[in-house]
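The values are calculated or read from the model by the stated rules, or taken from the named source; none is laboratory data. Every value quoted in this text rests on a predicted model; they were computed, and no experiment measured them. So basically every Cβ, Gly included, is an ideal-geometry build from the backbone, and we count neighbours across all protein chains shown. Calculation scope for accessible area: heavy atoms of the full protein, side chains included, ligands and nucleic acids excluded. Shrake-Rupley method; radii C 1.70, N 1.55, O 1.52, S 1.80 Å.
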Amino acid sequence: MPMNAPERLALPDIQSQIDGRNIAIDAVGVNGVRYPITIASEGKPTSTLGTYSMTVGLSASAKGTHMSRFIELLEAAKNPIGQTEFITLGLDMLSRLDATYGTIEVKFPYFIRKTAPVSQVQSLLDVDVGWKAVVSTRHSPIFSMRVVVAATSLCPCSKEISAYGAHNQRSHIVIDAEINGDMSIEELISVAEQGASCEVYGLLKRVDEKYVTERAYDNPKFVEDLARDIAVALNAEHRVDRYCVEVENFESIHNHSAVARINNGAQRGNSALRHGCM
């Protein structure tokens, strides 16, 4: 073994030195780390690419944290990750960094298989998903899930005043919810889709286009209706605690969007959800 091999060198550990400024740091870590991830949802593993943010609190006396250990954490995660495993990953982060609290977040594209309503042809549809775990050695972990779901909305006013037809638009529905039980990604997506005038699909035949067009026409909703109907569904879901719902309709007859937001976290003092869903 060469004399200058790492195993033989006594290298200083600057991060472990004492800092004399006596100022604690609320969050220190890494951001924008892209790493492969296999998601476990509804009993099936799905491989995708995750973008991570991982931070821990740093005591006033510690000079720095060990940044390499965040990457070691991801490298050690070999099995499919569900909600429980993600929380465990956060607790492992605290152990590796010798920290008492921290936050781990990951955002990833998630593909669900959709079946067209009439022809039954299948296709994949992508949904942006985010997981966040706030972990502590003194308190129970808090897990939240965020989905951004595309849907269709049809204007009730346009339908009412027009001799024929009505204008519709594509909507983006954002749900950011604290989950207190095992709730799949697909279930939260379904809450968003069921609150819209109609779902969207990756692949449709003509018979399907007829169905979804008429389905939306029979189920008109303002942007306010979408937000409220989704909030009603979340209020009835015992696995959801605090939540934020934000809907944006990309208007087809205006050069601007219509938006609505319902944030029940603001009334309950949750700062993480206080200023919108983004």
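Shape class for region 124-163, computed from the alpha carbon gyration tensor (a ≥ b ≥ c): oblate, with a/c not under 1.5 and a/b at or below b/c.
Cys residues of the chain that find no other Cys beta carbon under 4.7 Å: 155, 157, 198.
Within the shell defined by Cβ-Cβ distances under 15 Å, the residues around residue 238 carry a net charge of -3, with Lys and Arg each +1 and Asp and Glu each -1.
A 1.4 Å probe run over region 153-278, with the rest of the protein chains in place, finds 54 Å² accessible per residue. Across the cross-link table entries 107/205; 44/221; 44/132; 78/132; 159/210, which are compared at the Cα atoms, the separations over 28 Å belong to 107/205; 44/221. If I build a Gaussian network model for the chain, linking alpha-carbon pairs within less than 10 angstrom, which residue out of 122, 83, 17 has the largest mean-square fluctuation? Between 122, 83, 17, it is 17 that shows the largest mean-square fluctuation. FRET efficiency for residue 68 and residue 253, Cβ-Cβ distance as r, R0 = 51 Å, nearest 0.05? Given R0 = 51 Å and the Cβ-Cβ separation, E is 0.40. In this simple spin-label model, placing a label point 7 Å from the Cα along the Cα-to-Cβ direction at both residue 35 and residue 96 gives a separation of 0.5 nm.
Within the accessible area of region 50-120, the carbon and sulfur atoms contribute 51%, probe 1.4 Å, all protein chains present. Take the alpha carbon atoms of region 60-81, find their center, do the same for region 231-250, and report the distance between the two centers in whole angstrom. Answer, in whole Å: 33. If only the Cβ of Lys and Arg carry +1 and only the Cβ of Asp and Glu carry -1, the dipole of the chain around its Cα centre is close to 320 debye.
Taking the square roots of 5 times each eigenvalue of the Cα gyration tensor of the chain, largest first, gives ellipsoid semi-axes of 44, 21, 15 Å. Each label was represented as a point 7 Å from its Cα along the Cα-to-Cβ direction; for residue 182 and residue 84 these points are 0.6 nm apart.
Inter-label distance, residue 26 to residue 261: 1.8 nm, where each label sits 7 Å from its Cα along the C-beta direction. Label region 166-263 by shape, choosing from rounded, prolate and oblate, from the square roots a ≥ b ≥ c of the eigenvalues of the Cα gyration tensor; if a/c is under 1.5 it is rounded, and otherwise prolate applies when a/b is larger than b/c, oblate when it is not. Note, shape of region 166-263 comes out oblate. Taking 0.36 nm per residue of separation and subtracting the Cα-Cα distance, full extension of the segment from residue 140 to residue 42 would add 32.8 nm. Taking Cα centre as origin and charging only the Cβ of basic (Lys, Arg, +1) and acidic (Asp, Glu, -1) residues, the dipole magnitude of region 1-107 rounds to 180 debye. Summing Cβ point charges (Lys, Arg +1; Asp, Glu -1) relative to the Cα centre of region 70-219 gives a dipole of roughly 360 debye.
The calculated FRET efficiency for the pair residue 119 and residue 18, based on their C-beta separation and a Förster distance of 51 Å, comes to about 0.15.
For region 17-33 versus region 114-163, the inter-centroid distance based on Cα atoms is 36 Å.
Shown for the chain are the DSSP H helices of 15 Å or more along their axis, judged by Cα atoms, with a mean Kyte-Doolittle hydropathy of at least -0.5: 83-97, 223-235. Estimated from the Cβ-Cβ distance and a Förster radius of 30 angstrom, the FRET efficiency linking residue 158 and residue 51 is about 0.20.
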